[in-house]
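Visitor: Can you read through this structure? Questions will come right after.
Just so it is clear, none of the values below were taken in a lab; they were calculated from the coordinates. Note that the structure is a prediction, hence the values are computed from the model and not measured. Reconstructed Cβ throughout: ideal geometry from the backbone, glycine too, with neighbour counts over all protein chains shown.
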There are 2 protein chains.
Amino acid sequence: MAGENDKTVSAAILAIGDELLSGRTMDKNIGYIARYMTEIGVDVREARIVADEEERIVAALNELRSSYDYVFTTGGIGPTHDDITADAVAKAFGVPISHHPQALAILKERYEKLRGLELNEARLRMARIPDGGGLIENTVSGAPGIHIGNVFVMAGVPAIMQAMLDKVAPLLKTGRRMLSRTLKLSVAEGDIAAILEAVQKQYSGLSIGSYPFYNEQVFGTNVVLRARDEKLLDEAEAALREALGALAGNG
Amino acid sequence: MAGENDKTVSAAILAIGDELLSGRTMDKNIGYIARYMTEIGVDVREARIVADEEERIVAALNELRSSYDYVFTTGGIGPTHDDITADAVAKAFGVPISHHPQALAILKERYEKLRGLELNEARLRMARIPDGGGLIENTVSGAPGIHIGNVFVMAGVPAIMQAMLDKVAPLLKTGRRMLSRTLKLSVAEGDIAAILEAVQKQYSGLSIGSYPFYNEQVFGTNVVLRARDEKLLDEAEAALREALGALAGNG
C-alpha cells in the first residue's frame, strides 16, 4: 500500500559525555537506539558524540534538530556538576529552565520515600526541566528524561536509557519500516562486486550493502538487501541469487 | 616540564556506514580509537557516524578537518559500489582521484600473487587515491588506507582498522597525555555531588567526571579525575579522598 505510510521519518542521535571520547566508556546507546528505530520505522541518519561542553552540545543539538524529524540525546542528566545536558537543551531552545512540579514529586517519592535518601540540592537538579518540556518516565531510577520539541533527552546509563526509550517509542510518528535480507557468502566481496552493482542499478528503492568478514583465513561477505517494499525485496533477492549462481550456494 | 609539550592535540572520528545507523553492526572503532588516542596524547573531541551518502560524508569531513588537528575516518574503502569514502574524500579536498602506482603494486602482490584472486575492476577501485594522498599500510588484507592533509582514511573492519592505526600513530604529533584516576565508590552520586563540585572548583586543569552504576540493587559511582599534570592529580585525589572521608573507604 502506498499513501501516508510511504513517508520516511528521520532521526539523529546525540551521545553526550567526555567518557565516551576518552575511551573510558564504550558507547552502547547509539547502536541500541539505531536498531530499535529501524525496527519501528524511523531512519537514523546520523549520530554524534560530543563532550560535556555546553557550547558543543548546543551547537550539535541545534544543527541536528533542524535537520531531522527527531533527535535522541543520551547522557548528562544526573545530579553532579558534569551533568549539563538539561541546561544545554534549554539554551539550544532559548528557554529558561526551572524545577518541574511533577519531576519534583517523582524525586520525592523515589529518593525520600522509597530509598530513604536525602533530596539534596544536587538531586533536585534532576528536576530541572527546560520550560515547555515534558517528562520521560524513568522506571529504573526515577529521575525523568525530557521531551521538548522534537528532542528526547535520555539518561546515559544503558539500562535507564532503554527503559526511557520504551516510553518514547509510542510517541513517535513512524514511517514505512525498512526491511532487510542478508545473504552470507563464502566469497570475497571483490569477486561479486560487479554482480552486486548490476543488481543495485536494476532496482530503485533498494540498497545493497556489502560487508566483508574474515574468519580463520577465510574471506567472506555478508550482502544485505534493504528496501521498504517486501515485493521489491523478494524480486531483488531472487535476481541476486540467480546472478550469483553457485556463489550463493544455489548449486 | 612545561614548554612545547604543554600543548594539546585534538582529533575527531568520522565513522562511515549505513550498517552502523541501521543497528545491523555495532560500531567498535570509535571507542577503540578514542582510547588509543588518549593513551598517546591526542584528545578526541567529537565523533560522528554518517551513512554512505557522498554529500553527508563531504560535509562532515570538511567541518571536522577544519575544526580539529586530525580526523580519522573508518569504513567505505572496499571494492564494492557502496564503498564511496575515497571519492568523498577527494571531493572534500577538491582534488581528482586516480589509481596510485604503489597501491596498484600492493594489490597485485596481495591479491594476484599471494591469494590467487583476480585483480578485477572492483578490486582496482581500492587503489584509487585522492591526488596528493599517501598510503596507510594494511598488514591484514593489503588494500591500503589513505593519508591526505590532516585526514587518515581507514578500513571499517575492526581488525584492519586497528592494524592501520598502529601505522598512523607514529605519524601524529602528540600533546601532553591526559592522566586519570578512578575511585569506585559504593555510594549514590547524589550523595557526593556537592563534594565533587567543591573539589572541581578548587583545581583548574582538572576535570572530575561522575559515572553512576547500578548493580544488583546497589547504586555506586565511579569518580574519574583527569588532568595532564601528575602532581596536580595527586593533590586533587588526596583532597577528594579527605573530603569524602569514610565514603571513600578511608576509615
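Visitor: What average count of beta carbons from other chains do you get within 10 Å of the Cβ of residues in B:185-193?
Guide: On the way: counts 0, 0, 0, 8, 7, 17, 6, 3, 11.
Across B:185-193, the average partner-chain Cβ count within 10 Å equals 6.
Visitor: Given labels modelled 7 Å from the Cα in the Cβ direction, how far is it in nm from A:Glu230 to A:Phe213?
Guide: The two pseudo-label positions are separated by 2.6 nm.
Visitor: Of all DSSP beta bridges located in the protein assembly as shown, what percent are antiparallel, nearest 5?
Guide: Details: 58 of 90 bridges.
The answer is about 65 percent antiparallel.
Visitor: In addition: Using only atoms on other chains, find how many Cβ atoms lie within 10 Å of each Cβ of peptide A:221-228 and report the average.
Guide: Working: counts 2, 3, 1, 6, 0, 4, 0, 0.
For this peptide, the per-residue mean of nearby foreign Cβ atoms is 2.
Visitor: In addition: If you count the DSSP beta bridges with both ends in chain A, what percent of them are antiparallel, to the nearest 5?
Guide: On the way: 26 of 42 bridges.
Just about 60 percent of them are antiparallel.
Visitor: Where the centre of each part is set by its Cα atoms, how far does region B:73-138 sit from region A:156-224, in angstrom?
Guide: Taking the Cα centre of each part, region B:73-138 and region A:156-224 sit 23 Å apart.
Visitor: Would you mind checking the radius of gyration and Dmax of region A:126-251 based on alpha-carbon positions, in Å?
Guide: For region A:126-251, the Cα-based Rg and Dmax read 21.7, 64 Å.
Visitor: Right, next: If you look at just the Cα atoms of region B:179-248, how large are its Rg and its Dmax in Å?
Guide: 11.7, 37
Visitor: Now for a different question. Take every residue in peptide B:71-83, count the Cβ atoms of other chains within 10 Å of its Cβ, and give the average of those counts. All intermediate terms of the calculation are to be shown ahead of the outcome.
Guide: Working: counts 0, 0, 0, 0, 1, 0, 0, 8, 10, 16, 11, 11, 3.
The shielding value for this peptide is 5.
Visitor: Here's another thing I want to ask about it. Relative to the longest principal axis of the C-alpha atoms of chain B, give the angle of the C-alpha long axis of helix B:158-168, reported between 0 and 90° and rounded to the nearest 10°.
Guide: For helix B:158-168, the angle is close to 90 degrees.
Visitor: From the mean inverse distance of alpha carbon pairs (Kirkwood) and the Cα radius of gyration, derive Rg over Rh for region B:39-122. It would help to have the intermediate numbers written out before the result.
Guide: Details: Rg = 15.7 Å, Rh = 15.0 Å.
Answer for region B:39-122: 1.05.
Visitor: Considering only the label points, 7 Å along Cα→Cβ from Cα, what distances in nm to one decimal separate A:Val218 from the same position in each other copy, shortest first?
Guide: 4.5
Visitor: Nearest 500 deg cm²/dmol is fine: what mean residue ellipticity at 222 nm does chain B get from its DSSP H runs of n ≥ 4 alone, each adding -39,500 (n - 2.57), divided by its residue count? The partial results should precede the final answer.
Guide: Working: 9 runs with 86 residues, N = 251.
Value at 222 nm, helices only, nearest 500: -10000 deg cm²/dmol.
Visitor: Also, quick follow-up: To the nearest 10 degrees, how steeply does helix B:230-244 sit against the main Cα axis of chain B, on a 0 to 90 scale?
Guide: 50
Visitor: Which entries in A:Lys184/B:Lys113; A:Lys108/A:Lys173; A:Lys7/A:Lys173; A:Lys28/A:Lys167; A:Lys28/A:Lys184; A:Lys167/A:Lys231 show an alpha-carbon gap greater than 22 Å?
Guide: Details: A:Lys184/B:Lys113 26 Å; A:Lys108/A:Lys173 33 Å; A:Lys7/A:Lys173 10 Å; A:Lys28/A:Lys167 19 Å; A:Lys28/A:Lys184 26 Å; A:Lys167/A:Lys231 32 Å.
Beyond 22 Å: A:Lys184/B:Lys113; A:Lys108/A:Lys173; A:Lys28/A:Lys184; A:Lys167/A:Lys231.
Visitor: Could I ask something else about it? If amide H atoms are built 1.01 Å from N in the plane of the peptide, which residues on other chains or at least 5 residues away come under 5 Å of the amide H of A:Leu185?
Guide: A:Thr221, A:Asn222, A:Val223
Visitor: Still on this structure: With chain A rotated onto chain B, spot the residue of A whose Cβ lies nearest the axis and note the distance in whole Å.
Guide: Nearest Cβ to that rotation axis, in whole Å: A:Arg48, 2.
Visitor: Give me, ordered by chain and number, the residues 5 or more places off A:Met178 or on other chains with an amide H under 5 Å from its own placed amide H.
Guide: So A:Met178 has HN proximity to A:Gly41.
Visitor: Using only the alpha-carbon atoms, how far is helix A:193-202 inclined from the longest principal axis of chain A? Give it as 0 to 90 degrees, nearest 10.
Guide: Between helix and principal axis, roughly 80 degrees.
Visitor: How many nanometers, to one decimal and shortest first, lie between the label point of A:Asp166 and those of its other copies, if labels sit 7 Å from Cα toward Cβ?
Guide: Here A:Asp166 shows inter-copy label distances of 4.4 nm.
Visitor: Something else now. For a protection proxy built on the mean count of beta-carbon atoms within 10 angstrom, sort A:70-79, A:232-241 highest first, please. Could you put the intermediate results ahead of the total?
Guide: Numbers: A:70-79: 27.3, A:232-241: 17.2.
Packing proxy ranking, top to bottom: A:70-79, A:232-241.
Visitor: Label position 7 Å from Cα toward Cβ: report the copy-to-copy distances for B:Ala194 in nm, one decimal, ordered from shortest.
Guide: Between copies, matching label points for B:Ala194 lie 7.5 nm apart.
Visitor: Please list, short to long, the whole-number percent of alpha-carbon pairs of the protein assembly as shown in consecutive 20 angstrom bins beginning at zero.
Guide: Histogram of Cα-Cα distances, whole percents per bin: 22, 51, 25, 3.
Visitor: All other residues with a Cβ under 10 Å from the Cβ of B:Asn222 taken together, and with Lys, Arg as +1 and Asp, Glu as -1, what is their net charge?
Guide: Working: positive: A:Arg24, B:Lys184; negative: A:Glu19, B:Glu189.
So the surrounding residues net to 0.
Visitor: Okay, moving on. Amide H of A:Tyr70 versus every other amide H placed in the peptide plane: which residues, excluding those fewer than 5 positions away on the same chain, fall under 5 Å?
Guide: Those lying under 5 Å, H to H, from A:Tyr70 are A:Ser10, A:Ala11, A:Ala12.
Visitor: Could I ask something else about it? Taking springs between alpha-carbon atoms closer than 10 angstrom, which of A:Ala194, A:Ala92, A:Ala15 fluctuates most in the Gaussian network model of chain A?
Guide: Highest fluctuation among the options: A:Ala194.
Visitor: If you bin every alpha carbon distance in chain A into 10 Å steps from zero, what whole percent lands in each bin?
Guide: Binned Cα distances yield the sequence 7, 26, 26, 19, 13, 7, 2, 0.
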